[in-house]
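Notes follow once the structure below has been shown.
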Amino acid sequence: MAPDLRLEPWSDGDLELELRGNTAEMKVFLGGEEPADAIVARHKRFLELPVTGAGQMFRIALPDAPGVGSVGYWEREWQGEQVYEMGWHVLPEYQGRGLASAAVRLAAAHARTHGRHRHAHAYPKVVNGPSNGVCRKAGFTLLGEADFEFPKGTLIRCNDWRRDLRVAAGMEVTQASGHEV
Ligand SMILES: CC(C)(COP(=O)(O)OP(=O)(O)OC[C@H]1O[C@@H](n2cnc3c(N)ncnc32)[C@H](O)[C@@H]1OP(=O)(O)O)[C@@H](O)C(=O)NCCC(=O)NCCS
């Protein structure tokens, strides 16, 4: 059965969720634990996304748990095209029950409705099994491998997954919970 989750627009109180996700375990494929000021800076960028129209970040909420992870999209240039990049995390105690892939489908539906670009990309490290699994389950197509800079100054070997936001219109509502965002 599809998970009963909803997406809430990122708000000031969600800094705490980002800080909770800043553990060695959660950041094993993302360069390790981050300094708190890097998290605060990213949180501010998340808050700015809908203000500038560049994207939207969400908190993933369950009926009995208001914050179990995050998902969202933001603009970037990729190989000469303006696209969305998507990113996500789900706290360890909530992993393995389809939450991330359902949340990504809902966020992609939001990008299709409210966004201005046709394609969303995701760049999980080649060795990040769960995140590559999320891409596969959430309707992305694997284009190949690419070198990607993350964090700044470090090149990592990633998969380039792309989702055509115009395809599969309407599918997300039945695939996830029906809570539109
Ligand atoms: C990636 C992450 C969000 C996945 O969350 P989740 O809610 O457990 O994901 P889902 O349950 O929706 O789907 C994960 C899929 O990957 C599969 N998977 C898990 N580990 C895997 C592995 N090592 N190799 C291949 N597939 C794997 C799962 O089996 C599942 O597919 P299935 O339902 O068909 O079995 C979570 O692990 C996380 O937050 N990781 C840390 C942060 C991170 O790496 N974010 C991504 C940055 S690119």
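Filtering region 123-139 for residues that are closer than 26 Å to residue 38 by Cβ, touching a helix residue (DSSP H, G or I) at 6+ places or on another chain (Cβ under 9 Å), modelled with pLDDT of 95 or more and aromatic (Phe, Trp, Tyr) leaves an empty set. Does region 60-67 contain any residue that is more than 18 Å from residue 88 (Cβ to Cβ), surrounded by fewer than 16 Cβ atoms within 10 Å (Cβ to Cβ) and touching a residue at least 24 places away in the same chain (Cβ under 8 Å)? Within region 60-67, one or more residues are more than 18 Å from residue 88 (Cβ to Cβ), surrounded by fewer than 16 Cβ atoms within 10 Å (Cβ to Cβ) and touching a residue at least 24 places away in the same chain (Cβ under 8 Å). Here residue 154 passes the criteria (1) in contact with a Gly (Cβ under 8 Å, 6 or more places away or on another chain); (2) free of Cβ contacts under 8 Å to residues at least 60 places away in the same chain; (3) more than 9 Å from the ligand (Cβ to nearest atom) except the one numbered (2).
State yes or no: is residue 56 among the polar types (S, T, N, Q), more than 10 Å from the ligand (Cβ to nearest atom) and buried (at least 18 other Cβ atoms within 10 Å of the Cβ)? Yes. Here region 112-135 is the region considered, the condition is being crowded, with 22+ Cβ neighbours inside 10 Å and hydrophobic (A, V, I, L, M, F, W, C), and the residue that is nearest to residue 61 (Cα to Cα) is 134.
Here's the yes/no breakdown for (1) of a type in the set (A, V, I, L, M); (2) away from the ligand (no atom under 15 Å from the Cβ):
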position: 93; (1), (2): no, no
position: 99; (1), (2): yes, no
position: 116; (1), (2): no, yes
position: 128; (1), (2): no, no
position: 158; (1), (2): no, no
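Scanning region 69-95 for residues that are closer than 17 Å to residue 133 by Cα and hydrophobic (A, V, I, L, M, F, W, C) yields a count of 5. Scanning region 106-132 for residues that are within 15 Å of residue 163 (Cα to Cα) and in a strand (DSSP E or B) gives 119, 120, 121, 122. Among residues that are within 23 Å of residue 151 (Cβ to Cβ), free of Cβ contacts under 8 Å to residues at least 40 places away in the same chain and within 13 Å of the ligand (Cβ to nearest atom), residue 34 is not included.
Screening residue 92 with (1) in contact with a helix residue (DSSP H, G or I) (Cβ under 7 Å, 6 or more places away or on another chain); (2) surrounded by fewer than 17 Cβ atoms within 10 Å (Cβ to Cβ) gives one miss only, at (1). Filter region 136-162 down to the residues that are part of a strand (DSSP E or B) and aliphatic (A, V, I, L, M), then identify the one that is surrounded by the most Cβ atoms within 10 Å (Cβ to Cβ). Looking at residues that are part of a strand (DSSP E or B) and aliphatic (A, V, I, L, M), I get 156. Mind listing whichever residues of region 2-19 are surrounded by 14 or more Cβ atoms within 10 Å (Cβ to Cβ) and assigned to a helix (DSSP H, G or I)? Answer for region 2-19, where residues must be surrounded by 14 or more Cβ atoms within 10 Å (Cβ to Cβ) and assigned to a helix (DSSP H, G or I): 14, 15, 17, 18, 19.
The values are calculated or read from the model by the stated rules, or taken from the named source; none is laboratory data. Not measured: the values here are computed from a predicted model. Because the Cβ atoms are built from the backbone with ideal geometry, glycine has one as well, and the counts that use them run over all protein chains shown.
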